């Protein structure tokens, strides 16, 4: 399935990556699904920290690698899910992703490419790629009307065509 809308950006510092996340979090709505895909060290957790700040969570968002799912209370409850440690379909199925996807919060899933069969078609996928020491390429792919709108709002905010 190809995205309805896409956009690519390059960040030069972790702070810029977090700022992008803050903008995403501010525009997020109840029920949104954001999938983060990329190798280790590409900035997925950094982006998730910004998203957490953008939805109004005042504390520190950390990688949920060892607990798999963390909930952060804010304007929208942030469900931060990390599939890194899960290697087979049965483990992912037992995680009960549907329980979180059906909530009225915001789901941000790191390593989402491990669970394509368990996720809805409508979503915002952000692929992160390490270019240089602090430089990252973020490719946004919107699937569905809601995420087309979100990406258009981000383009407008960032003064992009």
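Could you list, in sequence order, all residues of the range 146-161 that are touching a residue at least 12 places away in the same chain (Cβ under 8 Å) and out of contact with any strand residue (DSSP E or B) (no Cβ under 8 Å at 6 or more places or on another chain)?
If the condition is that a residue be touching a residue at least 12 places away in the same chain (Cβ under 8 Å) and out of contact with any strand residue (DSSP E or B) (no Cβ under 8 Å at 6 or more places or on another chain), then 146, 153, 157 are the ones that fit.
From the list 48, 30, exactly one residue is out of contact with any helix residue (DSSP H, G or I) (no Cβ under 6 Å at 6 or more places or on another chain) and assigned to a helix (DSSP H, G or I). Which is it?
Selected residue: 48, the only one of 48, 30 that is out of contact with any helix residue (DSSP H, G or I) (no Cβ under 6 Å at 6 or more places or on another chain) and assigned to a helix (DSSP H, G or I).
Considering every residue within the range 1-22, establish whether at least one is out of contact with any strand residue (DSSP E or B) (no Cβ under 6 Å at 6 or more places or on another chain), under 14 Å from residue 127 (Cβ atoms), assigned to a loop (DSSP other than H, G, I, E, B) and modelled with pLDDT under 95.
Yes, the range 1-22 contains at least one residue that is out of contact with any strand residue (DSSP E or B) (no Cβ under 6 Å at 6 or more places or on another chain), under 14 Å from residue 127 (Cβ atoms), assigned to a loop (DSSP other than H, G, I, E, B) and modelled with pLDDT under 95.
If residue 71 passes every condition in (1) assigned to a helix (DSSP H, G or I); (2) modelled with pLDDT under 95; (3) over 13 Å from the mean Cα position of the chain (by Cα) but one, which one does it miss?
Here residue 71 meets the rest and fails (1).
Among (1) farther than 22 Å from residue 155 by Cβ; (2) buried (at least 17 other Cβ atoms within 10 Å of the Cβ); (3) modelled with pLDDT of 95 or more, where does residue 81 come up short?
Tallying (1) farther than 22 Å from residue 155 by Cβ; (2) buried (at least 17 other Cβ atoms within 10 Å of the Cβ); (3) modelled with pLDDT of 95 or more, residue 81 fails exactly one: (3).
Hey, does the range 47-61 have a residue that's in contact (Cβ under 8 Å) with a residue 60 or more places away in the chain and surrounded by 15 or more Cβ atoms within 10 Å (Cβ to Cβ)?
For the range 47-61, residues in contact (Cβ under 8 Å) with a residue 60 or more places away in the chain and surrounded by 15 or more Cβ atoms within 10 Å (Cβ to Cβ): present.
The values are calculated or read from the model by the stated rules, or taken from the named source; none is laboratory data. Fair warning: this is a prediction, and the values are worked out from it, not measured in the lab. Every residue, glycine among them, receives a Cβ derived from its backbone with ideal geometry; neighbour counts consider all protein chains shown.
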